[in-house]
1. How many residues, within segment 200-236, are β-branched (Val, Ile, Thr) and either in a helix (DSSP H, G or I) or surrounded by fewer than 22 Cβ atoms within 10 Å (Cβ to Cβ) (or both)?
2. Where the second residue is crowded, with 18+ Cβ neighbours inside 10 Å and the first is free of Cβ contacts under 8 Å to residues at least 12 places away in the same chain and lies in segment 211-240, which pairs have Cβ atoms under 9 Å and are six or more apart or on separate chains?
3. Could you check how many residues of segment 240-265 are part of a strand (DSSP E or B) and within 16 Å of Lys120 (Cβ to Cβ)?
4. Right, Ala88: touching a strand residue (DSSP E or B) at 6+ places or on another chain (Cβ under 8 Å), modelled with pLDDT of 95 or more, among the small types (Gly, Ala, Ser) and closer than 18 Å to Val206 by Cβ or not?
5. Where residues in segment 245-265 are more than 18 Å from Ile186 (Cα to Cα) and either free of Cβ contacts under 8 Å to residues at least 60 places away in the same chain or touching a Leu at 6+ places or on another chain (Cβ under 8 Å) (or both), which of them is surrounded by the fewest Cβ atoms within 10 Å (Cβ to Cβ)?
Amino acid sequence: MTQKNAIQFQKYQGTGNDFIIIDGRGQLPELTEEQIRHLCDRRFGIGADGLMIFLDRDGYDFEMKYYNADGREGSMCGNGGRCIVRYAYHSGLHKEVYSFLAVDGPHEAEIDINGWIRLKMGDVSKVQMHGSDFVLNTGSPHFVRYVNYIHEHKVTEEGRQIRNNPTYVQDGINVNFVEVINDHTIYVRTYERGVENETLSCGTGVTASALVSAHNDTGFNQVNVQTLGGKLSVEFDRVHETEYRNIWLCGPAEFVYKGEVLEIG
């Protein structure tokens, strides 16, 4: 029996990147940064890399409002976008093509016959080089560095150092470490701002890493990506050296459990 003022939630994960999802279409109390941070805490709350509110939006199937684990409203989350599409399907919204609004603009999504979610990301038209490193925005800002022996790499230590250096400390940046497995496959580990730690997977980070790992100079590319949390793929058209269109992030998104919170913090 649901108690008055209880907050019902569901939890989803996409390659280990996990999210609390709350239906905001009814009456919902406004959550403070502190309350969101508490809900995402893995010891004192539900535990998650982020929290999403599912909202009605005219002209779209729904709106996705995303908060980082630190309680602040975040930029686009690729794995979160795929998870909220799965949530929409489980909530009874069955479409061939989903259209929803996120903080970086409109997105489309499809559910493949194999159950994977295909999420269309925004076009990318600018890639900056810093020595042998790359900086680009795939809905969230990302720093990409190629490494060897990725399983031995000190991702949290080095990622935190880059994220907090004078160039990026004010706005923050996500830091991706990439090892090339073969011409079509890369391994990606990501330090995420807002979580301030390594996560098992980062959708916009996987996308950024795949774009700069294109195997075809122009035309269609498909890059398979391994993360600590599982496998994804990124499909895109490379128009020229630093311009990418028709970008699709593809991978699993699964329901974990549901519950209700009677008191926050």
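The values are calculated or read from the model by the stated rules, or taken from the named source; none is laboratory data. Given the structure is predicted, the values throughout are model-derived calculations rather than measurements. Neighbour counts run over all protein chains shown; Cβ positions are idealised from the backbone, glycine included.
1. So the count comes out to 4.
2. none
3. Total satisfying the criteria: 8.
4. Details: touching a strand residue (DSSP E or B) at 6+ places or on another chain (Cβ under 8 Å): yes; modelled with pLDDT of 95 or more: yes; among the small types (Gly, Ala, Ser): yes; closer than 18 Å to Val206 by Cβ: no.
No: the conditions fail for Ala88.
5. Going through the qualifying residues, I end up with Glu263.
Let's see how each residue does on (1) in contact with a helix residue (DSSP H, G or I) (Cβ under 8 Å, 6 or more places away or on another chain); (2) over 15 Å from Gly24 (Cα atoms); (3) among the aromatic types (Phe, Trp, Tyr):
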residue	(1), (2), (3)
Arg57	no, no, no
Gly81	yes, yes, no
Arg86	no, yes, no
His90	no, yes, no
Phe100	yes, no, yes
Gly105	no, yes, no
Ala109	yes, yes, no
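Results for (1) in a loop (DSSP other than H, G, I, E, B); (2) outside the structural domain of His151 (by TED's automatic domain parsing); (3) among the aliphatic types (A, V, I, L, M), shown as yes or no for each residue.
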site: Gln170; (1), (2), (3): yes, no, no
site: Asn176; (1), (2), (3): no, no, no
site: Tyr191; (1), (2), (3): no, no, no
site: Val195; (1), (2), (3): yes, no, yes
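Residue by residue, here is whether (1) farther than 24 Å from Tyr191 by Cβ; (2) free of Cβ contacts under 8 Å to residues at least 60 places away in the same chain; (3) under 18 Å from the mean Cα position of the chain (by Cα) holds:
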| position | (1), (2), (3) |
| --- | --- |
| Asp23 | yes, no, no |
| Gln35 | yes, no, no |
| Tyr66 | no, yes, yes |
| Tyr87 | yes, no, yes |
| Tyr98 | yes, yes, yes |
